[in-house]
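S.K.: Structure below; questions to follow.
The values are calculated or read from the model by the stated rules, or taken from the named source; none is laboratory data. If you're wondering where the values come from, they're calculated on a predicted model, not measured in any experiment. Cβ coordinates were reconstructed from backbone atoms using ideal geometry, including for glycine residues, and neighbour counts include every protein chain displayed. The area values use the complete protein model at the heavy-atom level, side chains included, leaving out ligands, DNA and RNA. Shrake-Rupley method; radii C 1.70, N 1.55, O 1.52, S 1.80 Å.
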Amino acid sequence: MKKVEVEKTPSQYLNTLEDEAKKLEKELQEKRENVGRKKAGRKLKESTTKIVSVSKTDPDSGLLNRPGKPSGPHYLALPALIPKTES
């Protein structure tokens, strides 16, 4: 077998992939129609509500209620230390 080097630009390659994907999707759609199935998609989740405790004096804090931890208002962020620079 003889190997030949062919120059292909990325746009040609991507167009080829896109055409192949469309072809495969069309074949799958025809199979689904023959079987009587619809295209599977994401199921929409129902909106849910959640009750949250908000402090009147410090709304930035949140209520921590985990096993093994003290209950009460805590900040939900990790503080970063800024090193002192000598001038």
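S.K.: For Leu63, state whether it is surrounded by 10 or more Cβ atoms within 10 Å (Cβ to Cβ) and at pLDDT 80 or above. Can you show your working first?
M.R.: Values: surrounded by 10 or more Cβ atoms within 10 Å (Cβ to Cβ): yes; at pLDDT 80 or above: no.
So Leu63 fails the test.
S.K.: Please count how many residues of segment 19-60 are open to solvent by 100 Å² or more (accessible area, probe 1.4 Å), more than 24 Å from Pro73 (Cα to Cα) and either modelled with pLDDT of 80 or more or part of a helix (DSSP H, G or I) (or both).
M.R.: 7
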